[in-house]
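The values are calculated or read from the model by the stated rules, or taken from the named source; none is laboratory data. Just so we're clear, the structure is a prediction, and the values are computed from it rather than from any experiment. Cβ coordinates were reconstructed from backbone atoms using ideal geometry, including for glycine residues, and neighbour counts include every protein chain displayed.
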Amino acid sequence: MGWREWISMPDLGLPHLKAKIDTGARSSSLHAIDIETFHQADEEFVRFRVHPIQRSESRTIQCQAKVHDVRSVRSSTGEVTDRFVILTPVRWKHQVWPVELTLADRSLMGFRMLIGREAIRGRMLVDPGRSYFGGRRKRKKR
């Protein structure tokens with residue numbers, strides 16, 4: 001796996017998302033805005049919107065998932081915040097595995113998703129000098 005890869009999260013309706021693979025980060029994080037909780041059949045869920053394209057807000061995807069946990073997370077700037085955690089399958093190439101994702105506004109970050117070391121432990125090796133082992137996403141012609 002390279003230091004950046006195209007992944008998908010079919011259960012969230014996210015067919016393509018560029019992710020940074022960061023072995024220096026413990027947890028994984030997904031860009032989410034307008035986060036709100038709701039209850040369904042006595043279970044807590046979270047509803048949120050995702051801008052899947054880097055540096056663009058032209059496309060928005062509405063997502064929802066069951067709340068797996070709420071955790072205090074220290075950001076790259078050292079700030080500690082409580083974040084909702086969801087558990088969802090992530091697909092890369094032909095592999096699918098469950099990943100815990102914290103939800104955070106990553107609009108100022110370079111990548112809409114960060115995959116930390118816990119998500120790939122025992123599954124993947126990262127070649128920091130390479131990108132897109134899973135292939136590049138074809139761009140739409142304008």
Discussion item. Is it the case, given these coordinates, that VAL67 is β-branched (Val, Ile, Thr), at pLDDT below 90 and over 14 Å from SER8 (Cβ atoms)?
Written reply: no
Worksheet item: For segment 11-20, does any single residue satisfy the condition of being of a type in the set (Gly, Ala, Ser), closer than 21 Å to ILE115 by Cβ, without any contact (Cβ under 8 Å) to a residue 60 or more places away in the chain and touching a helix residue (DSSP H, G or I) at 6+ places or on another chain (Cβ under 9 Å)?
Response: no
Worksheet item: Could you list, in sequence order, the residues of segment 70-107 that are β-branched (Val, Ile, Thr), farther than 23 Å from ARG123 by Cβ and part of a strand (DSSP E or B)?
Response: VAL70, VAL80, THR81
Discussion item. Please verify whether VAL126 is loosely packed, with under 10 Cβ neighbours inside 10 Å, out of contact with any Leu (no Cβ under 8 Å at 6 or more places or on another chain) and modelled with pLDDT under 95, treating the condition exactly as stated.
Written reply: no
Response to the item:
Within segment 108-131, the count of residues that are within 14 Å of SER75 (Cα to Cα) and either assigned to a loop (DSSP other than H, G, I, E, B) or free of Cβ contacts under 8 Å to residues at least 24 places away in the same chain (or both) comes to 2
Discussion item. What's the total number of residues in segment 24-69 that are assigned to a strand (DSSP E or B) and free of Cβ contacts under 8 Å to residues at least 60 places away in the same chain?
Written reply: 22
Worksheet item: With respect to VAL96, is the statement that it is of a type in the set (A, V, I, L, M) and surrounded by fewer than 17 Cβ atoms within 10 Å (Cβ to Cβ) true?
Response: yes
Worksheet item: Can you tell which of ASP11, ASP22 is in contact with a Pro (Cβ under 7 Å, 6 or more places away or on another chain), within 18 Å of TRP97 (Cβ to Cβ) and of a type in the set (Asp, Glu)?
Response: ASP11
